[in-house]
1. Checking the condition crowded, with 16+ Cβ neighbours inside 10 Å and more than 16 Å from the ligand (Cβ to nearest atom), which residue from 66, 78 passes?
2. Scan region 32-58 for residues that are within 11 Å of the ligand (Cβ to nearest atom) and touching a Cys at 6+ places or on another chain (Cβ under 7 Å) and jot them down.
3. Of the numbered conditions (1) over 16 Å from the mean Cα position of the chain (by Cα); (2) modelled with pLDDT of 95 or more; (3) under 24 Å from residue 228 (Cα atoms), residue 39 fails exactly one; give the number of that condition.
4. So residue 83 ticks every box in (1) over 18 Å from residue 149 (Cβ atoms); (2) more than 16 Å from the ligand (Cβ to nearest atom) but one. Which box is left unticked?
5. From 106, 94, which residue is farther than 18 Å from residue 18 by Cα and surrounded by fewer than 18 Cβ atoms within 10 Å (Cβ to Cβ)?
6. So which residues in region 148-163 are farther than 27 Å from residue 122 by Cβ and outside any helix (DSSP H, G or I)?
7. Kindly indicate the residue of region 220-236 that is surrounded by fewer than 16 Cβ atoms within 10 Å (Cβ to Cβ) and not charged (D, E, K, R) and also farthest from residue 29 (Cα to Cα) among those meeting that condition.
8. Exactly one condition in (1) in contact with a Gly (Cβ under 8 Å, 6 or more places away or on another chain); (2) at positive phi is not met by residue 200; state its number.
Amino acid sequence: MLRQEFVFLPRDVVSLDIDQSEKEFPVNRIFCVGRNYAEHSKEMGDDPERDPPFFFCKDSSSIVKSPFDGVSEVSYPSGTNQYEYEVELVVALSKGGKNLSEASASDAIFGYAVGLDMTRRDLQTQAKEKGRPWEVGKSFDQSAPMSPIKTVQQIGRINKGNIELKVDGVTKQKSDLSCLTWSVVEVISRLSNLFELHPGDLIMTGTPENVGSVEVGEMMSASIESVGGFQVKIIK
Ligand code: MN
């Protein structure tokens, strides 16, 4: 068969490093869960009751690979005066499917990473008020710094553990994965009712309370117990 010819080179495959492995994890889509910690729902003005989870997406090109214990740089994004952090557990899938049971959802988990769902909050707020899509607030360049993946073989399936974000050494967000409104397997199962999931899909599982903004020159430190942590410096 003839090799496909493109009019210009397609973009590179986006991947995440896998801890203690030479191989990389090819990223397909990034799904994000909104409002998955009760205290964050309250601060965003929502009822913290267990409403069904809702989802939005970020483009995989927004990933900034952020090595464990390393320092990455991201540029303060255009178009905003309210650039906010959201530290989140990222779940990486190595299996897919539709309408997955919670057992099948659990079996689909390849591993976990630490992620930042960086947000142009002012643009997201305007979009919400006008009933417009969220992409400009959520799915922009460098909006998803992420650590390498720790595999299920390495750390098991995690349901609890400290999740924390610091700015210049001061703790801003601090919670526990056990406070997730919808557990990881519940999220995967629900998501698979809406989309056929595929190997390589990532799910950002939502942020705990006390989101806030960062400025040029500040350093964010994101960490999750048993996964790891990384730092991101905001540059011009
Ligand atoms: Mn988020």
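The values are calculated or read from the model by the stated rules, or taken from the named source; none is laboratory data. Worth saying up front: this structure is predicted, and the values here are computed from it rather than measured. Don't worry about glycine lacking a Cβ; one is built from the backbone with ideal geometry, like all the others, and counts go over all protein chains shown.
1. 66
2. Once the filter is applied, which keeps residues that are within 11 Å of the ligand (Cβ to nearest atom) and touching a Cys at 6+ places or on another chain (Cβ under 7 Å), region 32-58 yields 32, 37, 55, 56, 58.
3. (2)
4. Failed condition: (2).
5. Answer to the check: 106.
6. Within region 148-163, 148, 149, 150, 151, 156, 157, 158, 159, 160, 161, 162 meet the criteria.
7. Per the criteria, the residue is 235.
8. Only one criterion is unmet by residue 200, namely (1).
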